[in-house]
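See structure below.
The values are calculated or read from the model by the stated rules, or taken from the named source; none is laboratory data. Predicted model, so just to flag it, every value in this text is computed and none were measured. Counting neighbours? That spans all protein chains shown, and the Cβs are built from the backbone with ideal geometry, glycine included.
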Amino acid sequence: MRCRVGKSKSHGVEPNMTPMIDVVFLLIIFFLVSSHLARRESRLALDLPSAATGEADDDPSPRLTINVDAGGALSLGAALVTVDDLVTRLQAQQATEGGVLRVRLRSDQAAPYSAIEPALAACAEAGVEDIALAVYGKERRP
């Protein structure tokens, strides 16, 4: 009589984990890249003005960010744009959002209103109705 030692035959079916690991790694990469792009648009060094009154924006839905630096240069997200290009991009974004576009306008404290007004006019021309101005509150000044 022969006794088998060591290897036992198992006829169970085991799932292949390779595709699942690939999907998890792809999700990790996607979230890393998307969070990097989201932080990039507010990374511009702007000295925001202070506000004595106002409310914090507690709405978690995303906003498109328009930046106006001290020299009056406009940027949408992290890309420099002209006023005409801003109108075109806002209209295109509004078409993809289904008509509801939320915009956050960040301007440097040293930027004159004459530099901010074209951004507001571009939003109005594109039909954007929900515009928030980014400012520091009294208690949250860095």
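Can you name the residue in the stretch 78-111 that is over 20 Å from Leu133 (Cβ atoms) and in a loop (DSSP other than H, G, I, E, B) and, of all such residues, is modelled with the highest pLDDT?
Per the criteria, the residue is Thr82.
For Val23, are the conditions met, namely being hydrophobic (A, V, I, L, M, F, W, C), at pLDDT 85 or above, assigned to a helix (DSSP H, G or I) and exposed (fewer than 14 other Cβ atoms within 10 Å of the Cβ)? Steps first, please.
Details: hydrophobic (A, V, I, L, M, F, W, C): yes; at pLDDT 85 or above: yes; assigned to a helix (DSSP H, G or I): yes; exposed (fewer than 14 other Cβ atoms within 10 Å of the Cβ): yes.
Yes; evaluated as a whole, the condition is true for this residue.
Among the residues of the stretch 78-89, write down those that are surrounded by 17 or more Cβ atoms within 10 Å (Cβ to Cβ) and either over 20 Å from Pro62 (Cα atoms) or not charged (D, E, K, R) (or both).
Kept after step one, since they are surrounded by 17 or more Cβ atoms within 10 Å (Cβ to Cβ), are these residues of the stretch 78-89: 81, 86-87, 89.
Passing the criteria: Val81, Leu86, Val87.
Just to be sure before I move on: is Ile66 touching a Cys at 6+ places or on another chain (Cβ under 9 Å) and either in a strand (DSSP E or B) or modelled with pLDDT of 85 or more (or both) in the structure I sent?
Working: touching a Cys at 6+ places or on another chain (Cβ under 9 Å): yes; either in a strand (DSSP E or B) or modelled with pLDDT of 85 or more (or both): yes.
Spelling it out, Ile66 is indeed touching a Cys at 6+ places or on another chain (Cβ under 9 Å) and either in a strand (DSSP E or B) or modelled with pLDDT of 85 or more (or both).
Scan the stretch 85-98 residue by residue and report those that are in contact (Cβ under 8 Å) with a residue 24 or more places away in the chain and not polar (S, T, N, Q).
Narrowing the stretch 85-98 to residues in contact (Cβ under 8 Å) with a residue 24 or more places away in the chain: 86-87, 90-91, 93-94.
Passing the criteria: Leu86, Val87, Leu90.
Tally time: how many residues in the stretch 90-109 are surrounded by 13 or more Cβ atoms within 10 Å (Cβ to Cβ) and either under 15 Å from Val68 (Cβ atoms) or of a type in the set (Phe, Trp, Tyr) (or both)?
Here the count works out to 7.
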